[in-house]
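Input: a single structure, listed below in structure tokens.
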Amino acid sequence: MSEALITVLDWVAILCIFAGAALSLVAGAGLLRFPDLLSRMHTAAKPQVLGLLLVLVGIGIRLIPVETDVFSVGTLFLVGFFQMLTIPVAGHIVTRVAYRTERIDSGTMVRDEMAEHIEARRAADKNR
Amino acid sequence: MSDPRQKRPLGLTALRRRLGKVQLPVALGMTLVWMLLFKGFQPRWESLGLLVLGFLVSVLIMLLFPLPPITPGLRFRPLHMIRLAAYVFREMALASIQVTIMTFRPEPVRNSMVAVPMRTESDLMMVFTAIATSIIPGTVIAEAERTERILYVHVLGADTEEAMEEGRRGVRKLEEGFVMALGTREDIAALRAGGVEKLGRGEKT
Amino acid sequence: MNALWIAIGVMLGLAALAGLTRMMIGPSILDRALSVDVLLASALTGAGAYAAFHRDPTVLPTLLVLSLLGFIGSVSLAKFVARRTEDEDVVSPAEALAGSERPDQPDQPDQSDQREETP
């Protein structure tokens with residue numbers, strides 16, 4: 001592989017990893033700044049999915065010149081796949097537990113359609 | 001379907017019943033993961049042994065922890081799948097920028113919980129939609145109501161009715177994408193009809 | 001190019017510091033679980049950056065393990081919180097939606113949160 005091509009690939013890879021690290025930093029800032037748990041959840045989900053995918057792409061590109069085996073690319077795919085499957089589940093479970101144990105700061109909530117639905121259901125039950 | 005807690009007679013019949021529950025596609029997928037983990041894709045004799053061993057281990061796992069089968073009705077449409085993937089990735093990037101802006105804006109953030117009624121009957125579509133919604137920053141599933149087919153989505157920064165409607169539209173677009181890419185013909189019909197049917201309840205598509 | 005690598009390291013360090021701060025001041029245990037997730041994400045990114053910098057694929061299995069560990073950690077913590085608040089008779093929204101009557105109870109402060117405040 002020519003020297004120039006490798007340089008270009010390296011720059012692409014490093015920009016990907018840089019973007020991933022920047023997303024991590026934004027997530028850290030969001031953790032400190034947002035007042036309630038659910039808002040923090042949104043910022044936390046960002047480096048876990050998009051940031052990690054960017055970093056994986058960066059690693060893949062960086063490894064092109066030295067790696068001829070499918071092994072490391074397969075591992076990268078597996079990491080990305082597992083992360084994309086597990087992060088939504090974990091986020092959902094944490095959100096659900098937070099909502100059920102009433103740890104939600106209602107001060108930041110403008111409108112809660114779930115609570116409205118529950119109220120409507122309860123009222124319908126009472127009338128029956 | 002039998003209750004997993006009830007006592008089963010140990011013996012050949014029980015084993016055969018368990019074996020009947022082994023789903024071949026899932027076992028093959030697990031074998032693939034096994035091969036990836038153990039560097040199995042090289043032209044050498046050990047790879048064959050790895051393949052057999054991986055398959056045996058995945059069958060054993062499925063014997064020990066049987067799962068209910070995925071309901072049939074996945075129909076793969078590659079073109080729609082590519083379009084959906086492009087949509088999800090673009091949305092992920094855009095939403096990341098949006099959340100970043102929201103993080104560094106001085107005014108306090110305001111959120112809403114939005115109810116999104118699903119238009120299809122399939123559980124699988126609901127799961128896919130929920131996963132994709134949670135992957136995209138700015139929206140996270142708080143509760144999934146299976147009987148009524150409603151997803152409750154927490155939307156970051158939705159402080160007006162328009163913003164809530166925007167979040168709802170995003171989830172519905174994801175659902176549409178998944179049904180078009182993977183759903184059966186009934187799902188697509190339900191998508192079209194359900195959209196019209198629910199118009200009477202005040203939701204706009 | 002070296003400056004960019006250093007910047008990546010600094011940003012990851014700052015992100016980890018922010019996560020640690022939230023872990024220390026986080027009012028509830030779920031906040032702490034969340035900050036552990038962010039810490040893990042920074043660790044993943046850091047290990048990945050290491051692999052990319054040295055063009056060294058040997059740390060990639062570590063990434064795999066870390067990505068699964070984060071999931072198991074946050075799910076088990078959430079389950080733990082749910083189990084612990086079960087005694088306090090908090091009716092879940094799903095149960096309420098299913099139509100079970102919920103006895104009107106006075107708003108009592110969450111006891112588990114108070115327990116966490118004491119070191």
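The values are calculated or read from the model by the stated rules, or taken from the named source; none is laboratory data. Computed from a predicted structure; not experimentally measured. Here Cβ is always computed from backbone atoms with ideal geometry, including for glycine, and neighbour counts include all displayed protein chains.
Descriptive notes on the structure:
- Tally, over region C:21-43, of residues that are in contact with a helix residue (DSSP H, G or I) (Cβ under 7 Å, 6 or more places away or on another chain), of a type in the set (A, V, I, L, M) and without any contact (Cβ under 8 Å) to a residue 24 or more places away in the chain: 3
- Among (1) under 20 Å from residue B:98 (Cβ atoms); (2) facing chain C (nearest Cβ under 7 Å); (3) at pLDDT 80 or above - the single one residue A:47 does not satisfy: (3)
- Residues (more than 7 Å from every other protein chain (Cβ to nearest Cβ) and crowded, with 18+ Cβ neighbours inside 10 Å) located in region C:1-28: C:16, C:26
- Failed condition for residue B:45, given (1) more than 14 Å from chain A (Cβ to nearest Cβ); (2) under 30 Å from residue B:129 (Cβ atoms); (3) modelled with pLDDT under 85: (2)
- Condition met for residue B:158 (assigned to a helix (DSSP H, G or I) and without any contact (Cβ under 8 Å) to a residue 60 or more places away in the chain): no
- Residue that is surrounded by the fewest Cβ atoms within 10 Å (Cβ to Cβ), among those in region B:51-81 that are more than 16 Å from the chain's Cα centre (by Cα) and β-branched (Val, Ile, Thr): B:52
- Against the test of being at pLDDT below 80, outside any helix (DSSP H, G or I) and within 10 Å of chain B (Cβ to nearest Cβ), the options A:103, A:111 yield a single qualifying residue, A:111.
- Matching option when the condition is at pLDDT below 85, more than 23 Å from the chain's Cα centre (by Cα) and under 29 Å from residue A:58 (Cα atoms), among C:87, C:56: C:56
- Hey, residue A:59 over 22 Å from residue C:58 (Cα atoms) and facing chain C (nearest Cβ under 7 Å) or not: no
- Residue in region A:22-32 that is more than 9 Å from chain C (Cβ to nearest Cβ) and of a type outside the set (S, T, N, Q) present: no
- Of all residues in region C:1-36, those satisfying the criterion of being over 23 Å from residue A:87 (Cα atoms) and of a type in the set (Gly, Ala, Ser) are C:3, C:7, C:9.
- Count of region C:43-64 residues which are farther than 21 Å from residue C:13 by Cα, in a helix (DSSP H, G or I) and more than 7 Å from every other protein chain (Cβ to nearest Cβ): 1
- Filter result (part of a helix (DSSP H, G or I) and surrounded by 16 or more Cβ atoms within 10 Å (Cβ to Cβ)) within region B:34-50: B:34, B:35, B:36, B:37, B:50
- Some residue of region C:29-38 being more than 8 Å from chain A (Cβ to nearest Cβ), buried (at least 19 other Cβ atoms within 10 Å of the Cβ), closer than 17 Å to residue A:90 by Cβ and of a type in the set (Gly, Ala, Ser): no
- Lone qualifier among B:142, B:189 - being surrounded by fewer than 21 Cβ atoms within 10 Å (Cβ to Cβ) and either assigned by TED's automatic domain parsing to the domain that holds residue B:85 or touching a Gly at 6+ places or on another chain (Cβ under 6 Å) (or both): B:189
- One residue stands out among those in region B:145-163 that are closer than 18 Å to residue B:97 by Cα, aliphatic (A, V, I, L, M) and buried (at least 19 other Cβ atoms within 10 Å of the Cβ): the one that is nearest to the other protein chains (Cβ to nearest Cβ), which is B:156.
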